[in-house]
Every structure is written in C-alpha cells, then in structure tokens.
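Reviewing the structure listed below.
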Ligand SMILES: [Zn+2]
C-alpha cells in the first residue's frame, strides 16, 4: 500500500510528514500523517483540524492510534490529524496565508492558494484509498458544546453511501446526532455547504460523517475519551476490529438547527447549558451593562441546546447558542442500522 508516496506493509505502522511547499521565510509547510495496516481492506481515514483551532479530535486520534495492534486490525487506518498547519499555528480556524475556510475548498485545486492546494493533496489521496472517512471538528473558542455527530443526505450520493454514513455516525455513540437533508431547499444553516470534506466524500460515494467534539482552542479530556471510544465503535462496525461495538441506547436525532444571537451588546449571563431541553418562553440569557439589565433573551420555540457561549463579552449579532429546533428520540436497534 502506498500512502503519500510512502509504502506500508501488513503488520506495520507508518508516520511521516508530507510537504506541500514553503513559506517566504524558507521553512516548509508540511502536515503529519499516520497509518497502521492489518489486512488490506477496508480503509478508514480519520481527519481533523481542517479548521486549525479544533483540537479535541487530533488528540483522540493520537491516543487511539498508539493503542492499536496492527496484528489485530483487519483493514488499514489512515490518520491526518492536522490538515491546516498554518491555521493551527495562528490558533485560528483559518490561516492568514489566504483567509480561506479550508473546509469549503474540497476537492481542491493543485494550482490554487494554500488551502486549495492542501485540499487537493489530501483529497486526491483520500479518493484513491479511503473506503470510509470521519472528519473531526469542534465549535468555536467561546462555546462549550455537547459532543454530537452530523451526517448528511447528499444529492448524488448512493442510497448505500448515505445509509452507511448514517450508521457510522450513530454507532459513534453520542446522544445528539444531526441528520441533514441537503436535497431539501430549506437547508437549515445559511452559508456555503459544498466544498466540505464530508460532502465531497459523499459525492464520491465514500461514506463520511462529521464528529463535533466540544469547543475549540482547548482539550477536554472527557470528550477526547468519548471520541476515542467512538472511533473504536466505528472500527468495529466496519469490521476493521473484531468484537461488538458498544451499542448506543436512546439517541436524539436533530433535523433542524440554528444559531441564537444577541440583539444588544454588553455582558451576557447564560441561563442555559449545553445538553438542556428548553421550552418556548424560557429565559436563555440576560445581557447587562453596569447599571441595568439591557435585554432578556427568551426562547421563541422549544430548543435543545447543542452549544452555548461561555464567555460574557457580547456585541449585537454575536452567537450565544447553537440549538436544535426539531428532533425526536430513537433507538439504534429499531432503526435497522445493524
Ligand atoms: Zn470545524
């Protein structure tokens, strides 16, 4: 097996850097990859930090990778824990080389800007080798969030691909799971959605889901361990490892989400926590200045709180929470995913 030009034999590990060019100060721009090979198939590819400040996933990958025994592995695991080294260096989601969101540049352009070239190098190899992909993200620095997955119904992807990606997301095992149908005109979040790793994989019939692991710019030990177990569950589900996954119990399936925003600036005190179910009319947050309560934010409908801002300094228009608007609870065993 050749990965980024390096060869990997059964029973072996491989780790190295791949260079994609140089900075003006002559240092290389390079990203790390790791791979471990048992048998030939299937190939599961884990990828993270396409947004450079999203760190929980990369540590979960590192932890798990060194625990695996290649002789107990059926297929091959490829890990690219840090796709955006320049944004990582800047402690930011995007880099100041091109100010592009790398997760909107896939499948990339080999003659393009830094983020486009990086996407091209990664995706050409991913398309050639990967049977399945998990893409790790987090929310922003200012938020705390429950870990959740996102799997998408992508126009152009086969029914089998869509079902497999959904099964992978569910067996990952966390309670909230967002299930988004991109074929519907009312795609719930505004902004560009094409060009992301997961959608590009799905269009190429490589089942992929996003694991969203808490907040950015820091490590959360509990969430890292949840992610580690989630990867093992997916590996077992895909038969890279022997044994049975830890089957999840009841899970929340969220089909519509939005951000809640402040109308007034000041000091925010949140009345809700990630993981809360709240009712229409419940208090979400109070905004203060130094002599009065400037605003009270009340829920306009029932919500499940996915993530909430924890830092108090807010301006008009800032996001204070990321919420589910429509959901139902469901059981792995009754959903025909086995
Ligand atoms: Zn991200």
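Every number here is computed from the coordinates shown, using simple stated rules; none is lab data. Please read all numbers here as calculations on a predicted model, not as lab measurements. Quick reminder, even Gly has a Cβ in these numbers, built from the backbone with ideal geometry, and neighbours come from all protein chains shown.
Which residues in the range 215-252 place their backbone N less than 16 Å from a point set 7 Å from the Cα of residue 66 along the Cα-to-Cβ direction? The answer is 225, 228. Separation of the range 136-163 from the range 74-107 is 17 Å, based on Cα centroids. Between the range 194-267 and the range 271-338, how far is it from one alpha carbon centroid to the other, in angstrom? Their Cα centres are 19 Å away from one another. Compute the acute angle (0 to 90°) between the alpha-carbon long axis of helix 114-129 and the principal axis of greatest extent of the alpha-carbon atoms of the chain; round to the nearest 10°. Helix 114-129 and the main axis of the chain meet at about 60 degrees. The Rg/Rh ratio for the range 294-338, using Cα coordinates for both the radius of gyration and the Kirkwood hydrodynamic radius, is 1.18.
Dividing the helix sum by the residues of the chain, where each DSSP H run of 4 or more adds -39500 (n - 2.57), gives a mean residue ellipticity at 222 nm of -6500 deg cm²/dmol. Residue ranges 295-302, 37-44 sort as 37-44, 295-302 when ordered by packing (mean number of other C-beta atoms within 10 Å per residue, highest first).
Going by a ≥ b ≥ c, the root eigenvalues of the Cα gyration tensor, does the range 17-93 fall in the rounded group (a/c under 1.5), the prolate group (a/b larger than b/c) or the oblate group?
On the way: a/c = 3.03, a/b = 1.89, b/c = 1.60.
Prolate.
Here the contact order of the chain, divided by its residue count and restricted to Cα pairs under 8 Å and six or more residues apart, works out to 16 percent.
Temperature 25 °C, viscosity 0.890 mPa s: under these conditions the Stokes-Einstein estimate for the chain, based on its Kirkwood radius over C-alpha pairs, is 118 µm² per second.
Percent relative contact order of the range 1-47, based on C-alpha pairs within less than 8 angstrom and at least six residues apart?
Details: 56 pairs, mean separation 17.1, N = 47.
Relative contact order for the range 1-47 comes out at 36 percent.
Measure nothing but the geometry: give the 0 to 90° angle between the long axis through the Cα atoms of 221-237 and the longest principal axis through the Cα atoms of the chain, rounded to 10°. With rounding to tens, the tilt is 50 degrees. In angstrom, the C-alpha Rg and Dmax of the range 1-131 are 14.8, 45. From the largest down, the range 112-219 spans 35, 34, 28 angstrom on the principal axes of its Cα atoms.
Just so you know, the averaged projected area of the alpha carbon convex hull for the range 264-338 sits at 6.0 nm².
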